[in-house]
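Trainee: Would you mind keeping the following structure in view while I ask a few things?
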Amino acid sequence: MYIQIFKTKDDLNRVFTDRLKEIISEKGTITIALSGGSTPKSLFDYWAQLPEGEINWKKVKFFWGDERCVSPSDDESNYKMTKEHLFDFVPVPNENIFRIHGENDPGSEAVRYGKLLSGELETTNSVPSFDVLMLGMGDDGHTASIFPHEIILWDSPENCVTATHPVSGQRRVSLSGKVINAAKDIFFLVTGENKAEKVKEIIEQPDKAAEKYPAALVRPESGNLYWFLDTPAAKLLRHL
Ligand code: 6PG
């Protein structure tokens, strides 16, 4: 596990982007699972203002770690957020965008997307394996759309699961823990003081945290795990 703390989101976005460029140059074409919510917006805005050609977007196949079960035109949609902050500004071929169809029935979409991953991705021990997996973390310790009250979903034998937001009841489709942990490079991008307590618990007492928080169950089988934190999110960590 690698932990990097950044004074500004721009520093975080730049370092993550440099690592992404290295992975693309190593592998040629890469598969990436995007996280949703608000944190990725500044990263996507950063990518959108890069000089043309700095990243060859034709070499990137875009997937999602989770999606809200809403229309792709709904403000809650992770796809819509990504389109408005990234796809509307950079030349990503349509055939490189594999969105979760939030407008579909959640159960059947989880099956469809799970099968799609098996067809599109390399596998690690027969589990679909992303080259790069972005994750956020909620202040309750959830990641992707696996929440503490449904932590049992982490161990699903399926590639994708249906989940429910604990407050709004909003249905979600999410990667399961086995697909998350099969990824080659996992990046937790976590910013904001409201995440500091869970960051401390998960990094400093991982086994205790793993009993409660799905984010503490992110332990790649053979890949790398990077915690990219801004100063506020890291403020409670003992000096590393
Ligand atoms: C989602 C995300 C979710 C997100 C965390 C953190 O669909 O909401 O995938 O896991 O990463 O909730 O969200 P913020 O970045 O908005 O704090």
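Trainee: Condition first: among the small types (Gly, Ala, Ser) and out of contact with any Lys or Arg (no Cβ under 6 Å at 6 or more places or on another chain). Now tell me which residues in the range 95-128 satisfy that.
Mentor: The answer is Gly107, Ser108, Ala110, Gly114, Ser118, Gly119, Ser126.
Trainee: Would you mind finding the one in Gly37, Gly53 that is surrounded by fewer than 16 Cβ atoms within 10 Å (Cβ to Cβ) and within 16 Å of the ligand (Cβ to nearest atom)?
Mentor: Gly37
Trainee: Additional query: So, of the residues in the range 24-34 that are under 25 Å from Ser174 (Cβ atoms) and among the hydrophobic types (A, V, I, L, M, F, W, C), which turns out to be nearest to the ligand (Cβ to nearest atom)?
Mentor: Per the stated criteria, the residue is Leu34.
Trainee: Filter the range 81-129 for residues that are farther than 14 Å from Val179 by Cβ and either of a type in the set (Ser, Thr, Tyr) or in contact (Cβ under 8 Å) with a residue 60 or more places away in the chain (or both) and give the result.
Mentor: Thr82, Gly102, Pro106, Ser108, Glu109 - these are the residues of the range 81-129 that are farther than 14 Å from Val179 by Cβ and either of a type in the set (Ser, Thr, Tyr) or in contact (Cβ under 8 Å) with a residue 60 or more places away in the chain (or both).
Trainee: When the range 17-41 is examined, which residues are found to be over 27 Å from Tyr113 (Cα atoms) and small (Gly, Ala, Ser)?
Mentor: Listed by number, the list holds a single entry, Ser25.
Trainee: Would you point out the residue of the range 183-197, among those that are in contact with a helix residue (DSSP H, G or I) (Cβ under 8 Å, 6 or more places away or on another chain) and either buried (at least 24 other Cβ atoms within 10 Å of the Cβ) or of a type in the set (A, V, I, L, M, F, W, C) (or both), that is nearest to Ala234 (Cα to Cα)?
Mentor: Val190
Trainee: Here are some residues: Ala196, Ala183. Which one is within 16 Å of the ligand (Cβ to nearest atom) and either over 16 Å from Ala33 (Cβ atoms) or free of Cβ contacts under 8 Å to residues at least 12 places away in the same chain (or both)?
Mentor: On inspection, the qualifying residue turns out to be Ala196.
Trainee: Could you give every pair whose Cβ atoms fall below 7 Å, whose first residue belongs to the range 142-158 and is outside any helix (DSSP H, G or I), and whose second residue is among the polar types (S, T, N, Q), counting only separations of at least 6 or pairs across chains?
Mentor: Ala144/Ser174; Ser145/Ser174; Ile146/Ser174; Ser156/Ser176; Glu158/Ser176
A short reminder: the numbers here are calculations on the coordinates, not readings from a lab. Since the structure is predicted, the reported quantities are computational estimates derived from the model, not experimental observations. Using ideal geometry, Cβ is built from the backbone for each residue, glycine included, and neighbour counts are taken over all protein chains shown.
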